[in-house]
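Since the structure comes first, as structure tokens, the remarks are kept for the end.
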Amino acid sequence: MNRASLVFALLLAVLLPLSLLAGRVWIEPFADHGPANAALILAELRLPRAVLAIVVGAGLGAAGAAMQGYLRNPLADPGLFGIAPMAALGAVASFWLAPLLPPAWAPLGLPLLALAGAGAGMAALALIAGRTAEDARGGAGGGIALFTLAGLMIASLAGALTALAITLAPNPFALSEIVLWLNGALTDRSWREVAIAAPLVAGGVGVLALAAKSLDALTLGEEAARSLGLDPRRLLLLLVAGVGLTVGAGVAVAGIIGFVGLVVPHLVRPLTDRLPSSLILPSALAGACLVLAADSAVRVLPLVTELRLGIALSLIGAPFFLWLLLRMRRGML
Amino acid sequence: MLAAENLVLARGGARVVENLSAALAPGEITAIIGPNGAGKSSLLLALAGLLRPAAGRVALEGEDLAALAPRARAQALGYLPQAPEIAWDVAVENLVALGRLPWRDRGRPEIESAIAALGLDELRHRPASRLSGGERARVLLARVLAGTPRWILADEPLAALDLAHQIALLAHLRACAAAGQGVVVVLHDLALAMNHADRVLVLDAGTLVVDAAPEAALAPGLIAQVWGVAARWIGEPGARALLTAKGDAAPPGR
């Protein structure tokens, strides 16, 4: 564990209790609330929501760090692989397919179909990955740039199909539900979603950690990395699996939450030696902090309806992105 | 012994090296030279095991490189790419330490001796973005040395360097060869190859034209034939300079 991990673990330890206390009903930590209400709010509403924020944020943060390391580009984002749009497509399909599912399965329909979408995206990427890695060894070129473009194509195809599903929505109610869901939120989530996402995200972060040393080698460029023993196909498959699990599980339980994967590694990098392997764990912790803080903030904002988390994070993320671009122009990155 | 055996290389569908055989010995500096597009970099990549031959093979101590596990190959062959990049603003010490990746150890003694060999001790905490071109070249060579490879394969390591840094880097490579490592460099400067290499491979349009000691290999006739430039050497062996006359060049017919 490095210094950055320690800093963000401590921050998370401070944020978690604050988040549990904050909301429409402010819970005084040491007052006597009577047994029922406060305990119920904590155990059934706020704790699962906070844990889910941590899980989703950790996955997005780690995936962002790994993607930036892989593409050797500080502006890369886990969304580039097209896994989040594929998961969203699966989720949107569930609004159509919901009536076909047996009633007992109904609550699981959306997350399971979203995971299936993410899985389909991962499978397509893995197929392309096998080919591009082979090309690199045979000297045909392409490599990482080609693979990234393939990911972008998957993303735009999934985006188009999602838009199609929306325009063909069976009724206005379904339409507004889909659009609202796509904006990403952690409202009214329960331990069921935690049980779905937590193991997948934990597995995904573990897989990304296995790729860490290979990402370090890539710091010197693709050919130097291969000369250091990097196996391009293994690295790609680890990345596709790791990003797929973390991002796919995140979208399945929370909808699309952008910018976390892009922003978080930049918050972490100055506290580390800047090698990709040093970023993955602290980025997971920092991503957890960011999503937990943002979700607590949208909960206490005095608005008529709760601000959607995905919108709130984009509102913070977009200006930050602009600031990054300006800094990069001055050659400071 | 690192040997190319009837090597044919193709990139993007085009054949760039044709039926090339050469057995390189450790303890020497071998220079690969030739005009632009002659296939020098492709040959070096194949010798490093990073470009799979379309036909023929590269053998390390008689063993086919393609059959070697990537890690075992990485431990034996150190490769320094042309115009190497450094993606993140990592400190010198950590960059050099990347050379230990094939060994999966911290390799402190090897890292320290590579830092010492290239005189990087005072720069060890400096981030890559604040290195000059000459410092960068030294750091990246130190990265290769930290992996203690049996062979060092460098693609135009002198290209971005001024005269003093060129001489200094060649001295480091000479020290590596003297210590028994094999050194293979792609060079553009004929005079540097003439004065510093033990052996010269001249490539022209993918074909090995000459494989000999520099004095024998780089005769004016060959320079005229391969580069299309009329030139002659002055000075004495080990301290040669190449004279070319303005207007004497016949543009290469390719």
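The values are calculated or read from the model by the stated rules, or taken from the named source; none is laboratory data. Quick caveat, the model's predicted, so the values are computed rather than measured. Counting neighbours? That spans all protein chains shown, and the Cβs are built from the backbone with ideal geometry, glycine included. Each accessible area value is taken on the protein alone, full model and side chains, heavy atoms only, with ligands, DNA and RNA left out. Shrake-Rupley method; radii C 1.70, N 1.55, O 1.52, S 1.80 Å.
When every residue of region B:65-77 is checked against the conditions, at least one turns out to be surrounded by 19 or more Cβ atoms within 10 Å (Cβ to Cβ) and out of contact with any Gly (no Cβ under 8 Å at 6 or more places or on another chain). For region B:97-109, name all the residues that are facing another protein chain (nearest Cβ under 7 Å) and farther than 24 Å from residue A:74 by Cβ. Matches in region B:97-109: B:102 only. Within region A:210-219, the set of residues being buried (at least 23 other Cβ atoms within 10 Å of the Cβ) and within 9 Å of chain B (Cβ to nearest Cβ) comprises A:214, A:216, A:217, A:218, A:219.
Considering only residues that are open to solvent by less than 10 Å² (accessible area, probe 1.4 Å) and without any contact (Cβ under 8 Å) to a residue 40 or more places away in the chain, which ones fall in region A:225-247?
Within region A:225-247, the first condition is being open to solvent by less than 10 Å² (accessible area, probe 1.4 Å), and the residues that meet it are A:225, A:227, A:235-236, A:239-240, A:242-244, A:246-247.
Listed by number, the residues that qualify are A:225, A:227.
Enumerate the pairs (first residue in region A:256-279 and crowded, with 21+ Cβ neighbours inside 10 Å; second residue anywhere and basic (Lys, Arg)) with beta-carbon separation below 7 Å, excluding pairs fewer than 6 apart on the same chain, so at least 6 apart or on different chains. Cβ pairs passing all conditions: A:277/A:213; A:279/A:269.
What are the residues in region A:172-209 that are in contact with a Ser or Thr (Cβ under 6 Å, 6 or more places away or on another chain) and of a type outside the set (Val, Ile, Thr), if any?
Residues of region A:172-209 that are in contact with a Ser or Thr (Cβ under 6 Å, 6 or more places away or on another chain), as a first pass: A:201, A:204.
A:204, the sole residue that qualifies.
Please go through region A:63-103 and pick out each residue that is part of a helix (DSSP H, G or I), small (Gly, Ala, Ser) and more than 16 Å from residue A:256 (Cα to Cα). Listed by number, the residues that qualify are A:65, A:66, A:69, A:98.
Please verify whether residue A:107 is over 16 Å from the mean Cα position of the chain (by Cα) and assigned to a loop (DSSP other than H, G, I, E, B), treating the condition exactly as stated. Even if it seems obvious, please write down each step before you answer.
Numbers: over 16 Å from the mean Cα position of the chain (by Cα): yes; assigned to a loop (DSSP other than H, G, I, E, B): no.
Taking the combined requirement at face value, the residue does not satisfy it.
When residue A:222 is tested against (1) within 14 Å of chain B (Cβ to nearest Cβ); (2) open to solvent by less than 20 Å² (accessible area, probe 1.4 Å); (3) touching a residue at least 12 places away in the same chain (Cβ under 8 Å), exactly one condition is not met: (2). Against the test of being open to solvent by 60 Å² or more (accessible area, probe 1.4 Å), under 19 Å from residue B:22 (Cβ atoms) and not small (Gly, Ala, Ser), the options B:211, B:198, B:162 yield a single qualifying residue, B:211.
Residues checked against (1) within 7 Å of another protein chain (Cβ to nearest Cβ); (2) assigned to a helix (DSSP H, G or I); (3) out of contact with any Asp or Glu (no Cβ under 6 Å at 6 or more places or on another chain):
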residue	(1), (2), (3)
B:49	no, no, yes
B:58	no, no, yes
B:75	no, yes, yes
B:83	no, no, yes
B:86	yes, no, yes
B:95	no, yes, yes
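The C-beta contact set for region B:203-217 (first residue acidic (Asp, Glu), second residue part of a strand (DSSP E or B), distance under 6 angstrom, 6+ apart or interchain) comprises B:211/B:22; B:211/B:201.
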